[in-house]
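> Before I ask anything, here is the structure I am working with.
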Amino acid sequence: MEEREGEALRWDGLCSRDAAARAAALDSIGQTVLRSSETIAPVAAVPPLRAADGLPLSAARDGLSAVLARLLMLSKRCPFPDVREKSEAILSRVQELGVRIPRPLGNGPSRFIPEKETIQVGNEDAMMHALFAESFATLGRLDNVTLVMVFHPQYLESFLKTQHYLLQMDGPLPLHYRHYIGIMAAARHQCSYLVNLHVNDFLHVGGDPKWLNGLENAPQKLQNLGELNKMLAHRPWLITKEHIEQLLKTEENSWSLAELIHAVVLLTHYHSLASFTFGCGISPEIDCEGGHTFRPPSVSNYCMCNITNGYHGVDEIHASPAAGIPVSICLKSVCEVEALMEKMKQLQECREEEEASQEEMATRFEREKRESMFVCSSEDEESVPARDVSRHFEDTSYGYKDFSRHGMHVPTFRVQDYSWEDHGYSLVNRLYPDVGQLLDEKFHIAYNLTYNTMAMHKDVDTSMLRRAIWNYIHCMFGIRYDDYDYGEINQLLDRSFKVYIKTVVCTPEKTTKRMYDSFWRQFEHSEKVHVNLLLVEARMQAELLYALRAITRYMT
């Protein structure tokens, strides 16, 4: 069963806020699905060679499978109860006809967070429901990134508003270019989750399927963006005004300044979103590859005594971050929280008593920058990207490299000389109106977000810890704040936390559940997601600073 244009429009009808429009779309989809199911249902003694719509039976089965997977996603993930219930009813009718229906794989939106600790669709409060409805109406889906980010609704609202503006509102770049640039950016980190989402969106807005066969099949103008994409993702400190000049002065394939700003913001947005995807262990979407299966559940995975005792899922093993952990380790984790709070108190007292000289502050920055080079995980090994992702970019061997490896020296980027607030913000807003404001709001929300809690403790001022995380990320990119004492970083961030931060920010595709579990063991999952929001925004701002400084130098 092919999804013809008329049927695609009926899917769009499910995004309507009008219940009657959704009901009409559901009735139409239901009738079409049931007709197709009756054609291929295993009831006829001699099955037909072609489906009712004239398609070969194998193609009809493939098309029906895709539609059933989408209905499964809607039955679990749509914020509108009528759509969830009717989608489930259609699947039940199909099953009664003898056609196998899909079931979800995995447990919830994250592989790192037990499903029962995430927000369940249908159980959200009024504010979260408004965000879910807005996201679904805009994107036609409620994706797993949203379901994890909603731990922090204030940030999610800003994130969705910014992403919607970048992808769908008036701007310098055509819609299909925007999604293709998203694919290029996500592919640099082998993030098949984001690549798959934007391949579908690219086709939905009329993108040429040939471009998806490889970057060499895309227009030369997009191919020319490959070098900037590569450097921004892995070594943004290498970007110069000459790179900008090459893009702006390439005759018929040249970029305008406004187009380039739009492209740079998209690239940095999806590089950092890939960090969030891997850092929070985001699962494949239910209707995408790896998110569902048509195979029946295997009994071999269960012990019958477990089933009879009411135990049905592996996620129950991980009921809380501390579940299943020996008491001695739990006690040690509690001590780690207390020790961290004590260090914060001592550092605050030291700040008030004495202030280090500028020379000493500079020395501490250089020491922290140098030490950050030697922070690497035991999983740190070269990985070969899958072909279906690597075809969207060139030079697959190009990745993150520390500053001073092999004797290469990169000058320190002083925020006092070029900052987001004083320089980048105004440049973006001038060339791509309103986006500077949206980004600025998102940066501030992530940086200032606090619930004044740390694990089981309340009424805690976490500003010192949040600033240490943000500045450590910028330090890894060579960015220095003259008024910050980098000696605080080693006091507040232990090695396991530094390993996690560096992996998620620099080589997110190498992030493992073991890394996620090993830092801040007594903290809530919402607090670890909060950390990831800081990583996302600090990384995005760092990339933007290097690119925007190069553009500013080109313009002057």
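> Test Val145 against the stated conditions and say whether it is in contact (Cβ under 8 Å) with a residue 40 or more places away in the chain, assigned to a helix (DSSP H, G or I) and of a type in the set (Val, Ile, Thr). It would help to see each step written out before you state the result.
Values: in contact (Cβ under 8 Å) with a residue 40 or more places away in the chain: yes; assigned to a helix (DSSP H, G or I): yes; of a type in the set (Val, Ile, Thr): yes.
It is true that Val145 is in contact (Cβ under 8 Å) with a residue 40 or more places away in the chain, assigned to a helix (DSSP H, G or I) and of a type in the set (Val, Ile, Thr).
> Could you figure out which of (1) modelled with pLDDT under 95; (2) part of a helix (DSSP H, G or I) isn't true of Asp485?
(2)
> Further, regarding this structure: Taking the options Glu509, Glu488, Glu537, name whichever one is within 20 Å of Val264 (Cα to Cα) and acidic (Asp, Glu). Steps first, please.
Numbers: Glu509 fails: within 20 Å of Val264 (Cα to Cα); Glu488 fails: within 20 Å of Val264 (Cα to Cα).
Unique residue meeting the criteria: Glu537.
> In the stretch 1-112, which helices (runs of 4 or more DSSP H) lie fully inside it and hold 3 or more residues that are modelled with pLDDT of 80 or more and more than 32 Å from the chain's Cα centre (by Cα)?
On the way: elements: 5-13, 19-40, 57-77, 81-96.
Fully inside the stretch 1-112 and qualifying: 19-40, 81-96.
> For residues in the stretch 184-205 being among the aliphatic types (A, V, I, L, M) and over 20 Å from Ser283 (Cβ atoms), which is most open to solvent (accessible area, probe 1.4 Å)?
Here the residue is Leu203.
> Filter the stretch 144-174 down to the residues that are in contact with a Ser or Thr (Cβ under 8 Å, 6 or more places away or on another chain) and open to solvent by 50 Å² or more (accessible area, probe 1.4 Å) and list them by number.
Looking only at the stretch 144-174, we keep the residues that are in contact with a Ser or Thr (Cβ under 8 Å, 6 or more places away or on another chain), and these are 144-148, 151-152, 156, 160, 164, 168, 172.
Matches in the stretch 144-174: His164, Gln168.
> Arg521 - would you say it is open to solvent by 40 Å² or more (accessible area, probe 1.4 Å), part of a helix (DSSP H, G or I) and either farther than 21 Å from His269 by Cβ or aliphatic (A, V, I, L, M) (or both)? Before the answer, list the steps.
Values: open to solvent by 40 Å² or more (accessible area, probe 1.4 Å): yes; part of a helix (DSSP H, G or I): no; either farther than 21 Å from His269 by Cβ or aliphatic (A, V, I, L, M) (or both): yes.
Spelling it out, it is not the case that Arg521 is open to solvent by 40 Å² or more (accessible area, probe 1.4 Å), part of a helix (DSSP H, G or I) and either farther than 21 Å from His269 by Cβ or aliphatic (A, V, I, L, M) (or both).
> Test of understanding: among Arg539, Arg514, which residue is closer than 30 Å to Ser357 by Cα, among the basic types (Lys, Arg) and outside any loop (DSSP other than H, G, I, E, B)? Spell out the reasoning first.
Values: Arg514 fails: closer than 30 Å to Ser357 by Cα.
Only one candidate qualifies: Arg539.
> Only residues that are open to solvent by 10 Å² or more (accessible area, probe 1.4 Å) and of a type in the set (Lys, Arg): list them for the stretch 529-556, please.
Of everything in the stretch 529-556, those that are open to solvent by 10 Å² or more (accessible area, probe 1.4 Å) and of a type in the set (Lys, Arg) turn out to be Arg549, Arg553.
> Do you know which of the residues in the stretch 190-205 that are outside any helix (DSSP H, G or I) and within 19 Å of Ser110 (Cβ to Cβ) is farthest from the chain's Cα centre (by Cα)? Steps first, answer last, please.
Narrowing the stretch 190-205 to residues outside any helix (DSSP H, G or I): 190-191, 205.
With the extra rule that they be within 19 Å of Ser110 (Cβ to Cβ), the set shrinks to 190-191.
Working: Gln190: 12, Cys191: 9 Å.
Checked the stretch 190-205; the qualifying residue farthest from the chain's Cα centre (by Cα) is Gln190.
> When both residues are 6+ apart or on different chains and their Cβ atoms are under 7 Å apart, which pairs have a first residue that lies in the stretch 490-512 and is basic (Lys, Arg), and a second that is assigned to a loop (DSSP other than H, G, I, E, B) and open to solvent by 10 Å² or more (accessible area, probe 1.4 Å)?
Matching pairs, first to second residue: Lys498/Val375; Lys502/Val375; Lys510/Ser377; Lys510/Glu379; Lys510/Asp380; Lys510/Ser383.
> Within 18 Å of the chain's Cα centre (by Cα) and of a type in the set (D, E, K, R), is that true of Glu124? Explain how you work it out, then say what you get.
Details: within 18 Å of the chain's Cα centre (by Cα): no; of a type in the set (D, E, K, R): yes.
Judged against the criteria, Glu124 is not a match.
> Now for a different question. How about the stretch 439-460: which of its residues are part of a loop (DSSP other than H, G, I, E, B) and more than 25 Å from Gln541 (Cβ to Cβ)? Even if it seems obvious, please write down each step before you answer.
Going residue by residue through the stretch 439-460, those that are part of a loop (DSSP other than H, G, I, E, B) are 449-452, 455-456, 459-460.
Within the stretch 439-460, Ala455, Met456, Asp459, Val460 qualify.
> Identify, by number, the condition in (1) more than 30 Å from Ile101 (Cα to Cα); (2) over 17 Å from the mean Cα position of the chain (by Cα) that Asp287 doesn't meet.
For Asp287, the exception is condition (1).
> Criterion first (in contact with a Pro (Cβ under 7 Å, 6 or more places away or on another chain) and either buried (at least 19 other Cβ atoms within 10 Å of the Cβ) or in contact (Cβ under 8 Å) with a residue 40 or more places away in the chain (or both)) does Ala133 satisfy it? Write out each step before concluding.
Details: in contact with a Pro (Cβ under 7 Å, 6 or more places away or on another chain): yes; either buried (at least 19 other Cβ atoms within 10 Å of the Cβ) or in contact (Cβ under 8 Å) with a residue 40 or more places away in the chain (or both): yes.
For Ala133, the condition - in contact with a Pro (Cβ under 7 Å, 6 or more places away or on another chain) and either buried (at least 19 other Cβ atoms within 10 Å of the Cβ) or in contact (Cβ under 8 Å) with a residue 40 or more places away in the chain (or both) - is met.
> Within the set of pairs 6 or more residues apart or between chains, which connect a residue that is over 27 Å from Asn123 (Cα atoms) inside the stretch 81-98 to a residue that is of a type in the set (D, E, K, R) and surrounded by 13 or more Cβ atoms within 10 Å (Cβ to Cβ) with Cβ atoms less than 7 Å apart?
Short answer, once both residue conditions are applied: Leu97/Glu38.
> Sticking with this structure for a sec: Please report, ordered by residue number, the helices (runs of 4 or more DSSP H) entirely within the stretch 206-277 with at least 3 residues that are at pLDDT 95 or above and open to solvent by less than 10 Å² (accessible area, probe 1.4 Å).
Working: elements: 220-224, 226-234, 241-248.
Answer list for the stretch 206-277: 226-234.
The values are calculated or read from the model by the stated rules, or taken from the named source; none is laboratory data. A quick note: this is a predicted structure, and the numbers were derived from the prediction, not measured. No Cβ is skipped: glycine too gets one built from the backbone with ideal geometry, and neighbour counts run over all protein chains shown. Surface accessibility is based on the protein's heavy atoms, side chains included, excluding ligands, DNA and RNA. Shrake-Rupley method; radii C 1.70, N 1.55, O 1.52, S 1.80 Å.
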